[in-house]
Amino acid sequence: MLYTILKAVHIIFMVSYFAGIFYLVRLFVYYKDTDEFENQKKAILREQYVFMTTRLWNIITVPAGVIMLASGLTLIFLNFGLMKTPWFHLKLTFLLGLAAYHFWCWKKVLQMKSLNGENFPMANIKLRQANEIATFILFLVVFTVILKSMVIEYRWQLILGFVVLVGSIMMTVKLVNKKKSN
């Protein structure tokens, strides 16, 4: 019973964490979108985006991430047999990618706070593409957890499907932003 309750807690805070990460990078994009605004409007919006970003990071994203991590580690401790399964090693590999993305987000939060209203030094399209990385990691982790050993058995089909998904999303981001700039 404890294991099932912890698994539910882990899933709930995983959803909360990803909601925070998804919105966080979107706030970076919104900040960058103000580059062409008149100075007064730009200053007001950028101050608000920095405030929202800081609150989102400190009140939702990091606490949800900590609870997600703590409950996940507890689940591993309670069922250490997971460490003997190849699919779980794959999940942990994807989670290392999530940790790297989390670190990148944290550095961008700190950078945005230190800009003092100046322009975000990253191209808008790159921020929009970076916004999709969490989506890709979520796909990888969820498919791995749901399919378990089948993810190893059908790896080539899944890799091909994932490449098509990533390519489609990135092309869509580029096309949408190309139309916006015209």
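Surface exposure of segment 1-154, expressed per residue as accessible area with a 1.4 Å probe, stands at 57 Å². Measuring with a 1.4 angstrom probe and ignoring ligands and nucleic acids, F139 comes out at about 80 Å² accessible. P(r) for the chain, from all Cα pairs and a bin width of 5 Å, is 1, 7, 14, 17, 16, 15, 12, 8, 5, 3, 1, 0 %, short bins first. Surface calculation, 1.4 Å probe, protein heavy atoms: T135 sits at approximately 30 Å² accessible. Figure note: Y154, Y31 ranked by solvent-accessible area, largest first, 1.4 Å probe, ligands and nucleic acids not counted: Y154, Y31. Calculated on C-alpha atoms, the gyration radius of segment 1-54 divided by its Kirkwood radius gives an Rg/Rh of 1.31.
The GluC sites (Glu not before Pro) of segment 1-87 that DSSP puts in a loop, and whose beta carbon has at most 11 other beta carbons within 10 Å, are E38. Residue-wise HN-Hα couplings along segment 119-128, as the Karplus relation 6.51 cos²θ - 1.76 cosθ + 1.60 with θ = phi - 60° gives them from phi, are 5, 6, x, 9, 4, 4, 5, 5, 5, 5 Hz; Gly and Pro carry x. Rounded to the nearest 10 square angstrom, S168 shows an accessible area of 60 square angstrom against a 1.4 Å probe. Between the C-alpha center of segment 30-86 and that of segment 150-176 there is a gap of 25 Å.
Hey, what number do you get for the chain at 222 nm if only DSSP H runs of n ≥ 4 count, each worth -39500 (n - 2.57), divided across all residues, to the nearest 500?
Computed mean residue ellipticity for the chain: -28000 deg cm²/dmol.
If a helix is a whole DSSP H run, which ones in the chain reach 20 Å or further along their own axis (Cα) and hold a mean Kyte-Doolittle hydropathy of at least 1.6? Could the numbers behind the result be given before it?
Numbers: long enough: 2-33 (46 Å, 1.23); 39-55 (24 Å, -0.85); 62-78 (24 Å, 2.18); 86-114 (43 Å, 0.36); 133-147 (21 Å, 3.09); 155-181 (39 Å, 0.77).
Qualifying helices: 62-78, 133-147.
Tell me the GluC sites (Glu not before Pro) within segment 74-182 that lie in a loop according to DSSP and have at most 12 other beta-carbon atoms within 10 Å. For GluC sites (Glu not before Pro) across segment 74-182 that sit outside H, G, I, E and B with at most 12 neighbouring Cβ atoms in 10 Å, the list reads E118. Protein heavy-atom surface of the chain, 1.4 angstrom probe: 71% of the accessible area is carbon and sulfur, with nucleic acids and ligands not counted. In straight-distance terms, cross-link reach from K42 covers every one of the aspartates and glutamates whose alpha-carbon lies under 20 Å from its own, apart from those fewer than eight places away in the same chain; here that gives D33, E118. Pair-distance distribution of segment 80-182: all C-alpha pairs, bin width 5 Å, starting at 0; shares per bin in whole percent are 2, 11, 17, 18, 16, 14, 10, 7, 4, 2, 0, 0.
The values are calculated or read from the model by the stated rules, or taken from the named source; none is laboratory data. This one's a predicted model, so the numbers in the text were calculated from it and none came from an experiment. Note: ideal-geometry Cβ built from the backbone for every residue, glycine included; neighbour counts use all protein chains shown. Accessible surface is based on the protein model in full, side chains and every heavy atom, while ligands, DNA and RNA are left aside. Shrake-Rupley method; radii C 1.70, N 1.55, O 1.52, S 1.80 Å.
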